[in-house]
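Engineer: One structure follows; several queries about it will come next.
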Amino acid sequence: HVLAAVIEFVGFVSTLWLLVIPVEVFMSAEVEQRNLPIIYTMYEKR
């Protein structure tokens with residue numbers, strides 16, 4: 001019973017990670033795209 005519960009928990013966590021990782025990557029990519037022009041203009045002004 002314990003082993004089955006552990007396997008179920010691990011499966012749940014890995015499924016959660018498969019959902020979380022793309023969201024994290026997408027969010028960080030969005031933030032970077034928004035900040036790129038700001039960084040670029042700061043770099044150009046030097």
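Each value in this text was obtained by applying a stated rule to the coordinates, not by laboratory testing. As the structure is a prediction and not an experimental result, all values here were calculated from the model. Cβ placement follows ideal geometry from the backbone for every residue including glycine, while neighbour counts extend to all protein chains displayed.
Engineer: Which whole-Hz couplings ³J(HN,Hα) result when phi for each residue of the range 32-43 is put into the Karplus expression 6.51 cos²θ - 1.76 cosθ + 1.60, θ = phi - 60°, listed in order with x for Gly and Pro?
Structural biologist: So the J values, rounded to whole Hz, are 4, 4, 6, 7, 4, x, 5, 4, 5, 5, 4, 5.
Engineer: With no solvent and one point on each alpha carbon, what is the Debye value of log10 I(q)/I(0) for the chain at q = 0.19, 0.28 Å⁻¹?
Structural biologist: Ignoring solvent entirely, the Cα scatterers give -0.69, -0.90.
Engineer: Taking the dipole about the Cα centre of the chain, with the C-beta of Lys and Arg at +1 and of Asp and Glu at -1, give me whichever of 13, 37, 23 is farthest to the positive side.
Structural biologist: 37
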